[in-house]
1. Step by step: first the residues of region 133-152, then only those that are at pLDDT 90 or above and of a type in the set (Gly, Ala, Ser), then the one that is nearest to PRO108 (Cα to Cα). Which residue is that?
2. Which of the residues belonging to region 124-148 are surrounded by 18 or more Cβ atoms within 10 Å (Cβ to Cβ) and either in contact with a Leu (Cβ under 7 Å, 6 or more places away or on another chain) or on the phi > 0 side of the Ramachandran plot (or both)?
3. Can you name the condition, by its number, that GLU60 falls short on among (1) under 30 Å from GLU128 (Cβ atoms); (2) part of a helix (DSSP H, G or I); (3) acidic (Asp, Glu)?
4. In region 79-116, which residues are surrounded by fewer than 18 Cβ atoms within 10 Å (Cβ to Cβ) and among the polar types (S, T, N, Q)?
5. Step by step: first the residues of region 66-99, then only those that are touching a helix residue (DSSP H, G or I) at 6+ places or on another chain (Cβ under 7 Å) and of a type in the set (D, E, K, R), then the one that is farthest from THR121 (Cα to Cα). Which residue is that?
6. Search region 27-44 for residues being among the basic types (Lys, Arg) and either exposed (fewer than 12 other Cβ atoms within 10 Å of the Cβ) or under 25 Å from SER134 (Cα atoms) (or both), and hand back the single one that is modelled with the lowest pLDDT.
7. Out of all the residues in region 87-122, which are at pLDDT 80 or above and among the small types (Gly, Ala, Ser)?
8. Taking the criterion of being closer than 28 Å to LYS143 by Cβ, in contact (Cβ under 8 Å) with a residue 60 or more places away in the chain and crowded, with 16+ Cβ neighbours inside 10 Å, would at least one residue in region 45-61 satisfy it?
Amino acid sequence: MRIGLSVWGQAQLFAYTLAVIFLGCAMGVRAARHGLFYSKVEARVDRTYTACSMHGRTDETRAMLARDSTLANEQWTDCADSEILVAAYGSDVHIDRRPTAAIRFVSPADGREHAGTVRLTSDQTRDEPPAAGSTFPIYADNKDPALVDPYE
């Protein structure tokens with residue numbers, strides 16, 4: 001006796017197979033890119049903070065935010081700087097928040113120390129954000145000293 005899948009079952013099996021193949025390829029491309037173009041280096045944390053991105057809910061608020069070069073195009077800034085604007089605009093602005101670290105690292109591209117900011121993942125902030133002076137690994141580009149990929 002032979003057991004067969006219905007057409008719906010075959011379609012689901014095909015979709016799951018494609019999803020697994022896609023995820024495998026994406027992980028392989030990322031690993032290959034890290035192996036070819038990046039070097040794993042230790043980044044030292046200068047400070048951690050919450051970064052904010054503001055966008056207006058009305059046309060008038062969006063126009064006002066667009067005039068400010070630090071807030072235009074929903075750029076990420078320190079939330080301490082944004083609190084004043086939130087008080088001014090009230091509910092006309094929406095704020096997205098994310099944990100961020102200001103870091104220093106030695107770039108393999110030129111061997112000099114560089115400063116930058118990286119978004120912290122939920123794994124990196126599960127218990128508490130990294131303290132100032134602590135280190136964690138990042139991937140620094142072998143040719144461009146300003147380019148990093150903080151995720152393993």
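The values are calculated or read from the model by the stated rules, or taken from the named source; none is laboratory data. Here the structure is a predicted model, which means the values were calculated and not measured. Don't worry about glycine lacking a Cβ; one is built from the backbone with ideal geometry, like all the others, and counts go over all protein chains shown.
1. ALA140
2. Passing the criteria: only PRO129.
3. Among (1) under 30 Å from GLU128 (Cβ atoms); (2) part of a helix (DSSP H, G or I); (3) acidic (Asp, Glu), the lone unmet condition for GLU60 is (1).
4. The one that is surrounded by fewer than 18 Cβ atoms within 10 Å (Cβ to Cβ) and among the polar types (S, T, N, Q): SER91.
5. Step one: list which residues in region 66-99 are touching a helix residue (DSSP H, G or I) at 6+ places or on another chain (Cβ under 7 Å), which gives 66, 71-72, 89, 92-93, 95, 97.
From what is left, the residues that are of a type in the set (D, E, K, R) are 92, 97.
Values: ASP92: 29, ARG97: 13 Å.
Restricting to residues being touching a helix residue (DSSP H, G or I) at 6+ places or on another chain (Cβ under 7 Å) and of a type in the set (D, E, K, R), the top hit is ASP92.
6. Taking region 27-44 as the starting set, the residues that turn out to be among the basic types (Lys, Arg) are 30, 33, 40, 44.
Going one step further and asking which of them are either exposed (fewer than 12 other Cβ atoms within 10 Å of the Cβ) or under 25 Å from SER134 (Cα atoms) (or both), we end up with 40, 44.
Working: LYS40: 90, ARG44: 95.
Applying the filter and picking the extreme gives LYS40.
7. The answer is ALA101, ALA102, SER107, ALA109, GLY111, ALA115, GLY116.
8. Looking through region 45-61, at least one residue is closer than 28 Å to LYS143 by Cβ, in contact (Cβ under 8 Å) with a residue 60 or more places away in the chain and crowded, with 16+ Cβ neighbours inside 10 Å.
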